[in-house]
Amino acid sequence: MATLSLRFPGRRYHATPWGSHVNEGQIEWPPSPWRLVRALIATGYEKLGWEGSRPPEDAVGLIEALCHEPPTYHLPGASAAHSRHYMPTARLKNGREETTLVFDTWANVSDELLVCWPVELSPEQTSLLRSLAAHLGYVGRAESWVEAVLLECDPSPHVCDVRPGEFRDCPGQGWEQVALPVPLPADEYIAWRTTVVEGALQAAGLDWQKSSLSKTEKRTLEQTSAAFPPDLTACLQASTAWLRAEGWNQPPGSRRLLYWRPRLSLDVTQLTDVARPVAAPVEFALLAITAPSANNQVLPHVSRVLPQGELLHRALVSHAVKLGGHSPVITGCDVHGEPLRLPHQHAHLLHLDLDDDYHIDHVLVWAPMGLDAQAQGALRATRRTYMKGGSSALRVAIVATGGKELLGALAPQLGPGLVCLAPPAGARVWRSVTPFVPPRFLKKNGKNNLEGQITSELVSRGLLAPVHVEALGPAHDASARRARHTVRRRGRGPQPPVDASFMLQMEFAEAVSGPIVLGYGSHLGLGACATPS
């Protein structure tokens, strides 16, 4: 018995059964005897230096011996897989190159495959088969790398249990039949060829046995005989182009033999959800905003924090919906669309100018209730945002996520502005970074005057009431002069009761922790405060 051990280093075996189209997604498993013998012949020509149109005589003897009896197999565990991609067809349609969908199907092979031929080989044939196996590079398509070894000892009979058989030979439940191309024995092919050629000559009215033939009769004899290779080795070397030209729908010298194999020998499993670690909630996420041209001067001006906050918020909500539905952290509403009972605990989008060039270059996403896994997924999925008058989308990327220690860790690279938003020990004095827009109508006295509204805003966020509030005048403060041009009205959503804004300085009796964000549009970037640097 001659037994080959085949291992697939790439764990992949690509081969389409004879008569199937590649897009049918079929896999020839196990490799057919016809395919294996052809692979050995090709190896002889490519690696062992065989020359001419016919292998050496010792190789012909080995080929005919391997074709005398069909082999049995031991199949390793394998599963079917595929990929699909579009291949160009080198044709144009409506100014664009046409493509066609192509399936690439393969078997994921886990262990060695044994092929056992029940034949006795001479020492010379055994040596030749060992050399061919050692030089065999692939079986099937060129991606199916293989390492083949001729085993010195034969496996026990029950190991190679995939064997040919009729329906009545079923080994039991859990088995199925698969048809594989198998070479005919050499003598059977010669007998079959003789019968078929003689029948074709008789149908053509040609007496091929007479002593002399005319030129027309010789041509007919040659054409009829040429359609049938002279022997089994020539059949195994026939190219696909020649088979198609001669009209063969199955290679001459082959037959389709039914093999019994385990039903799950080529398992096709259903896709299962991979358990992924759930991201722990974080309080902060820092996003970087860049332009495709890498020119920071084309980034949005700091006066447009509100419209930029609206655009980014819409993108985050959209991605949250795509990733699994409603996100209370981003929307500030429950699943029924009602506002959360705890006020101002959901995400604030604080647009920042960390390099002091008056252009927005970062966004600090702060959520006191914590950015959960769904909110973090929406942040990762948001790769772009837009701006009014921009010729192309702005790129968005996550810089880091974490707690307040994140701001201190990034300060050496991005400047002190981050730490000023939430100093570790808090601060007694806070100044506006973006203008405060009153959330209610302003009155001269009472709790609805400027100081009263600021106090109520602070208390609603669980902070202390200030001991002193000052509205910075544009005549004496540069930031207040620039704030006059800040956009104060939303493109969508409720409008501010008062079309006015203020730059503030607040003083507390004791240190207060930040961030502090107050007033109308505070979740979209307005009303942010920081400690004076």
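The values are calculated or read from the model by the stated rules, or taken from the named source; none is laboratory data. Since the model is a prediction, treat every value here as computed from it, not as a measurement. All Cβ positions, even for glycine, are placed from backbone atoms using ideal geometry, and neighbour counts span all protein chains on display. Accessible surface areas use protein heavy atoms only, side chains included; no ligands, DNA or RNA. Shrake-Rupley method; radii C 1.70, N 1.55, O 1.52, S 1.80 Å.
Structure data summary
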read-out: Tail beyond 14 Å, pair distance distribution of segment 34-101 (Cα, percent); value: 74
read-out: Cα-Cα pairs of segment 322-445 separated by more than 17 Å (percent); value: 68
read-out: The chain, dipole about Cα centre (Lys/Arg Cβ +1, Asp/Glu Cβ -1), debye to the nearest 20; value: 3120
read-out: For q = 0.14, 0.17, 0.25 Å⁻¹, Debye-computed log10 I/I(0) when each Cα of segment 2-48 counts as one equal scatterer; value: -0.44, -0.64, -1.10
read-out: Helical mean residue ellipticity (222 nm; -39500 (n - 2.57) per DSSP H run of 4+; nearest 500) of the chain; value: -8000 deg cm²/dmol
read-out: Kirkwood hydrodynamic radius (C-alpha pairs) into Stokes-Einstein, segment 1-131, 37 °C and 0.692 mPa s, D in µm²/s; value: 189
read-out: Heavy-atom accessible surface of segment 484-533: percent carbon and sulfur, 1.4 Å; value: 45
read-out: Per-residue ³J(HN,Hα) for segment 468-485, Karplus 6.51 cos²θ - 1.76 cosθ + 1.60, θ = phi - 60°, Hz, x for Gly and Pro; value: 8, 10, 10, 8, 6, x, x, 6, 10, 10, 5, 5, 5, 5, 5, 5, 4, 9
read-out: Cα long-axis angle, helix 123-135 against the chain (0 to 90 degrees, to the nearest 10); value: 20
read-out: Mean projected area in nm² (Cα convex hull; one quarter of hull surface) for segment 280-328; value: 5.0
read-out: Cα convex hull of segment 378-513, projected area averaged across orientations, nm²; value: 11.1
read-out: For the chain, Cys with no neighbouring Cys Cβ under 4.7 Å; value: Cys67, Cys153, Cys170, Cys235, Cys333, Cys420, Cys529
read-out: Label-point gap, in nm, between Glu510 and Ala373 - each point 7 angstrom along Cα→Cβ; value: 3.9
read-out: Estimated inter-spin distance, Leu48 and Val335, nm [label 7 Å along Cα→Cβ]; value: 7.0
read-out: Scattering profile of segment 360-402 at q = 0.16, 0.34 Å⁻¹ [log10 I(q)/I(0), Debye over alpha-carbon scatterers]; value: -0.50, -1.34
read-out: For segment 1-124, size of Cβ-based charge dipole, Lys and Arg +1, Asp and Glu -1, in debye; value: 780
read-out: At R0 = 22 Å, FRET efficiency that the Cβ-Cβ distance of Gln297 and His485 yields, to 0.05; value: 0.80
read-out: Calculated over segment 367-434: convex hull of Cα atoms, volume per residue (Å³); value: 140
read-out: C-alpha long axis of helix 33-47 to longest principal axis of the chain, angle in °; value: 90
read-out: Per-bin percent of Cα-Cα distances, segment 416-468 [10 Å]; value: 21, 48, 25, 6
read-out: Nearest 10 degrees, 0 to 90: helix 305-324 Cα axis against the chain principal axis; value: 40
read-out: Descending principal axes extents, segment 342-381, alpha-carbon based, whole Å; value: 35, 26, 8
read-out: Rh by Kirkwood over Cα pairs, then Stokes-Einstein D for segment 425-499 at 1.002 mPa s and 20 °C, µm²/s; value: 152
read-out: Normalised convex hull volume, segment 464-523, alpha-carbon set, Å³ per residue; value: 115
read-out: Cβ-based charge dipole, the chain, positive-most Cα from Ala81, Gly514, Thr43; value: Gly514
read-out: Calculated on alpha-carbon atoms, Rg and Dmax of the chain in Å; value: 39.6, 132
read-out: Reach of Lys215 by Cα under 17 Å, taken over aspartates and glutamates that are not fewer than 8 positions away in the same chain; value: Asp207
